[in-house]
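**Q** The structure under discussion is supplied below as structure tokens; questions concerning it will follow.
The values are calculated or read from the model by the stated rules, or taken from the named source; none is laboratory data. Here the structure is a predicted model, which means the values were calculated and not measured. Please note: Cβ atoms are built from the backbone with ideal geometry, for glycine as well, and neighbour counts cover all protein chains shown.
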Amino acid sequence: MGLTLAQKIIKEHLVSGEMIPGSEISLRIDQTLTQDATGTMAYLEFEAMGVDRVKTERSVAYIDHNTLQSGFENADDHRYIQSVAKKHGIYFSRPGNGICHQVHLERFGIPGKTLIGSDSHTPTGGGIGMLAFGAGGMDVAVAMGGGAYFITMPKMIKVNLTGKLRPFVTAKDVSLEILRILSVKGGVGYIIEWGGEGIADLSVPERATITNMGTELGATTSIFPSDEVTKAFLKAEGREADYRPLASDPDAVYDRVIEINLSELKPMIACPHSPDKVVTVESLRGTKVDQVCIGSCTNSSLWDMLKVAALLKGKTVDPGVSLSISPGSRQVLSMLADCGALSDILASGARVLECACGPCIGMGFSPNSAGVSLRTFNRNFEGRSGTKDAKVYLVSPETAVAAALTGEITDPTLLGTMPAVAMPRSFRVDDSAILPPASLEDAKNVEVLRGPNIKEFPKSYPQTDVLTAQVALKVGDNITTDHIMPAGAKILPYRSNIPYLSQFCFAVCDESFSKRAKELGQSIVVGGSNYGQGSSREHAALVPLYLGVRAVIAKSFARIHVANLINAGILPLTFANPDDYDRIEQGDTLKLSGVLEGMKTGEITLADESKGISIRLLCAFTERQIGILKAGGLLAYTKEQSK
């Protein structure tokens with residue numbers, strides 16, 4: 001029996017375990033990336049490990065999230081990351097050089113290599129044939145120190161693409177279509193491999209859009225084969241030597257196969273407030289639009305921007321619409337300027353923003369109150385834009401331009417003929433904003449610079465056999481890490497200051513949570529299904545840890561978040577009977593007994609002392625995860641293992 005593409009790369013990098021779906025495996029990691037919203041904590045964790053030099057082939061620190069410097073906090077964090085990168089063998093991408101996933105695809109991505117990043121959209125690298133995973137900062141720190149990356153061996157989904165995209169129908173529409181089919185939970189436990197005759201006409205940037213959005217499915221990662229399209233992209237970047245052909249075996253077996261005919265697709269749109277609330281654009285035709293944002297790691301490539309410029313050329317943005325455009329990298333921006341496309345964009349009345357994440361993570365350009373915003377981003381969670389009552393829709397760049405020009409949601413096929421856009425055969429390569437680390441000898445004299453906003457890692461708690469605590473909060477289904485630990489310009493500067501950050505924890509759900517949790521001292525959170533979906537931000541575990549949350553009981557968990565909870569030493573448990581969720585109320589006193597043995601057997605009994613009832617809870621921890629929880633988190637466990 002043949003192997004899938006992902007299975008081949010896993011086999012090459014397997015450190016421990018067997019490739020049996022559902023069992024724990026560990027992988028050797030070739031590359032890591034961080035961004036500044038999660039990077040400061042990741043490097044504090046790396047320093048705590050006491051490793052002098054990263055052990056990976058390539059580790060890169062990007063500054064792309066917290067670029068709004070309205071106080072000293074972000075600038076201090078940037079300075080810290082730059083100094084720690086220089087000292088410990090990490091490349092540093094300066095602010096303004098671009099979004100981590102776009103730049104990594106351009107300059108560092110290599111087919112067949114493994115990559116983990118402290119950002120959930122790291123699977124963007126699958127567009128170039130990498131096996132790329134989003135992970136918590138602690139997992140990235142361990143990988144930089146030479147440790148393996150542990151995951152549950154996924155099942156495999158194959159998506160076969162046939163036909164060819166029609167004008168104004170794009171890779172983003174493919175992404176939205178698979179979200180419509182599978183939902184935000186449908187990819188959990190799977191790697192999604194894209195193939196079929198239809199991929200031959202998809203460029204690497206288009207493929208990267210699709211693998212980027214695979215994160216919203218809950219998938220472990222997504223990947224495309226490495227073929228002549230990949231080779232052409234690497235050649236254009238001056239990196240043809242990095243090319244390696246990769247494909248699944250003809251007799252590879254998949255757990256599920258999905259067929260999508262590209263020729264039949266229409267422009268699609270995701271409605272507020274979830275990426276899987278997908279309908280056709282034409283079904284919402286005429287809806288007034290206040291704001292349009294084009295960019296993010298999903299749709300900010302040169303290919304996307306050239307199409308946007310061509311559609312805007314000679315036209316003017318509707319007076320009732322505010323249009324922002326964020327090129328994904330300095331390379332993209334400079335090439336737009338060189339060919340005159342940037343002038344066409346500016347002449348339309350668009351606002352060109354910095355090459356950074358910007359509005360996607362609520363860092364500026366928030367919509368007006370109750371405004372309708374069409375965005376080419378990957379997430380439209382409630383409040384993520386910075387405006388709590390905004391209605392955010394996810395669309396392709398073509399659909400975004402159509403709305404910007406008409407002032408309402410408009411099927412882009414109504415714009416007429418799609419202008420011809422040609423990609424250059426070679427890209428403008430300028431790595432002057434990527435700073436190499438100091439040599440091993442010079443690194444001894446590099447001082448790591450810390451500002452006053454950088455606080456200590458929160459205290460963790462070794463797991464005890466009995467836990468009695470009140471339910472500090474009960475929440476519903478699909479609670480995202482944005483609900484638990486919001487992003488945005490007011491909060492992101494404090495990612496290295498857990499005590500200050502704690503006042504915003506769960507504020508989207510209940511503004512009184514932080515105060516109540518502190519008063520309780522230790523507590524339990526109860527959630528619905530798919531708890532912790534979205535971003536990989538480990539702050540959604542570290543901040544509750546600081547506030548005394550000792551366990552989270554839910555119907556089900558998102559992959560990255562459950563790993564982050566374990567890494568923080570917080571006990572994640574699921575209801576044996578999901579209906580038991582309804583029997584527990586906020587404020588109830590819960591008692592977990594026989595926890596240490598239950599972590600081994602997979603079953604723990606909960607006594608709701610407020611109601612006098614007993615509820616069965618389940619867990620499925622590996623020996624390593626049990627060791628982590630007993631030690632009080634991954635950092636403590638790693639120190640124990642190194643003795």
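**Q** What's the number of the only condition in (1) farther than 28 Å from residue 604 by Cβ; (2) modelled with pLDDT of 95 or more that residue 455 fails to meet?
**A** Result: residue 455 fails condition (2) only.
**Q** Ok, one more. Taking the criterion of being part of a strand (DSSP E or B), surrounded by fewer than 23 Cβ atoms within 10 Å (Cβ to Cβ) and not assigned by TED's automatic domain parsing to the domain that holds residue 67, would at least one residue in the stretch 482-501 satisfy it?
**A** Among the residues of the stretch 482-501, not one is part of a strand (DSSP E or B), surrounded by fewer than 23 Cβ atoms within 10 Å (Cβ to Cβ) and not assigned by TED's automatic domain parsing to the domain that holds residue 67, which makes the answer no.
**Q** Related question: Residues in the stretch 436-448: is at least one among the small types (Gly, Ala, Ser), in a loop (DSSP other than H, G, I, E, B) and within 27 Å of the chain's Cα centre (by Cα)?
**A** There is no residue in the stretch 436-448 that is among the small types (Gly, Ala, Ser), in a loop (DSSP other than H, G, I, E, B) and within 27 Å of the chain's Cα centre (by Cα).
**Q** State which residue pairs qualify: first residue at positive phi and inside the stretch 405-430, second residue not in a loop (DSSP other than H, G, I, E, B) in any location, beta carbons under 7 Å apart, and separation of 6 or more residues or different chains.
**A** Note: pairs meeting the criteria are 407/288.
**Q** Only one of these is in contact with a helix residue (DSSP H, G or I) (Cβ under 9 Å, 6 or more places away or on another chain) and surrounded by fewer than 24 Cβ atoms within 10 Å (Cβ to Cβ): 589, 605. Name it.
**A** 605
**Q** How many residues, within the stretch 30-51, are assigned to a helix (DSSP H, G or I) and either aromatic (Phe, Trp, Tyr) or touching an Asp or Glu at 6+ places or on another chain (Cβ under 7 Å) (or both)?
**A** Residues in the stretch 30-51 being assigned to a helix (DSSP H, G or I) and either aromatic (Phe, Trp, Tyr) or touching an Asp or Glu at 6+ places or on another chain (Cβ under 7 Å) (or both): 6 in total.
**Q** Within the group 625, 641, which residue is loosely packed, with under 14 Cβ neighbours inside 10 Å and closer than 20 Å to residue 145 by Cβ?
**A** That would be 641, the only listed residue that is loosely packed, with under 14 Cβ neighbours inside 10 Å and closer than 20 Å to residue 145 by Cβ.
**Q** Can you tell me which residues in the stretch 598-625 are assigned to a strand (DSSP E or B) and out of contact with any Cys (no Cβ under 7 Å at 6 or more places or on another chain)?
**A** 603, 605, 606, 607, 608, 613, 614, 615, 616, 617, 618
**Q** For the stretch 378-409, how many residues meet the condition of being out of contact with any Gly (no Cβ under 8 Å at 6 or more places or on another chain) and either among the hydrophobic types (A, V, I, L, M, F, W, C) or in the same structural domain as residue 167 (by TED's automatic domain parsing) (or both)?
**A** Counting residues in the stretch 378-409 that are out of contact with any Gly (no Cβ under 8 Å at 6 or more places or on another chain) and either among the hydrophobic types (A, V, I, L, M, F, W, C) or in the same structural domain as residue 167 (by TED's automatic domain parsing) (or both) gives 9.
**Q** Which one is surrounded by the fewest Cβ atoms within 10 Å (Cβ to Cβ) among residues in the stretch 610-622 that are free of Cβ contacts under 8 Å to residues at least 40 places away in the same chain and not hydrophobic (A, V, I, L, M, F, W, C)?
**A** Among those that are free of Cβ contacts under 8 Å to residues at least 40 places away in the same chain and not hydrophobic (A, V, I, L, M, F, W, C), it is 612.
**Q** State all residues of the stretch 522-561 that are charged (D, E, K, R) and either under 27 Å from residue 40 (Cβ atoms) or surrounded by 24 or more Cβ atoms within 10 Å (Cβ to Cβ) (or both); if no residue qualifies, say none.
**A** 537, 538, 550, 559
**Q** Further question on the same structure: Any idea which residue in the stretch 632-643 is modelled with the lowest pLDDT, counting only those that are part of a helix (DSSP H, G or I) and more than 22 Å from residue 559 (Cβ to Cβ)?
**A** Restricting to residues being part of a helix (DSSP H, G or I) and more than 22 Å from residue 559 (Cβ to Cβ), the top hit is 642.
**Q** Moving on. Report whether or not residue 199 is more than 18 Å from residue 297 (Cβ to Cβ), assigned to a helix (DSSP H, G or I) and in the same structural domain as residue 120 (by TED's automatic domain parsing).
**A** yes
**Q** Here's a follow-up. Every residue in the stretch 53-82 that is closer than 22 Å to residue 384 by Cβ and hydrophobic (A, V, I, L, M, F, W, C), please.
**A** Hits for the stretch 53-82 are 63, 68.
**Q** Keeping to the stretch 105-127, report how many residues are farther than 16 Å from residue 300 by Cα and out of contact with any strand residue (DSSP E or B) (no Cβ under 7 Å at 6 or more places or on another chain).
**A** Summing the residues that are farther than 16 Å from residue 300 by Cα and out of contact with any strand residue (DSSP E or B) (no Cβ under 7 Å at 6 or more places or on another chain) in the stretch 105-127 gives 2.
**Q** OK, next. All but one of (1) at pLDDT below 95; (2) more than 15 Å from residue 496 (Cβ to Cβ); (3) buried (at least 24 other Cβ atoms within 10 Å of the Cβ); (4) hydroxyl-bearing (Ser, Thr, Tyr) hold for residue 38; state the number of the condition that does not hold.
**A** The single condition residue 38 does not satisfy is (2).
**Q** Also, I was wondering about something else. Is there a residue in the stretch 409-417 that is buried (at least 21 other Cβ atoms within 10 Å of the Cβ) and either outside any helix (DSSP H, G or I) or at pLDDT below 95 (or both)?
**A** Checked against the condition, which is being buried (at least 21 other Cβ atoms within 10 Å of the Cβ) and either outside any helix (DSSP H, G or I) or at pLDDT below 95 (or both), the stretch 409-417 yields at least one hit.
**Q** Can you confirm whether the stretch 550-557 contains a residue that is modelled with pLDDT of 95 or more and outside any strand (DSSP E or B)?
**A** Yes, the stretch 550-557 has at least one match.
Yes or no, residue by residue, for (1) among the basic types (Lys, Arg); (2) more than 25 Å from the chain's Cα centre (by Cα); (3) part of a strand (DSSP E or B):
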{"residue": "248", "(1), (2), (3)": "no, yes, no"}
{"residue": "258", "(1), (2), (3)": "no, no, yes"}
{"residue": "266", "(1), (2), (3)": "yes, yes, no"}
{"residue": "272", "(1), (2), (3)": "no, no, no"}
{"residue": "276", "(1), (2), (3)": "no, no, no"}
{"residue": "293", "(1), (2), (3)": "no, no, yes"}
{"residue": "299", "(1), (2), (3)": "no, no, no"}
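**Q** Considering every residue within the stretch 11-29, establish whether at least one is touching a residue at least 24 places away in the same chain (Cβ under 8 Å) and within 25 Å of residue 457 (Cβ to Cβ).
**A** yes
**Q** Is it the case that the stretch 594-606 has a residue that's within 30 Å of residue 123 (Cβ to Cβ), in the same structural domain as residue 516 (by TED's automatic domain parsing), of a type in the set (Val, Ile, Thr) and at pLDDT 95 or above?
**A** no
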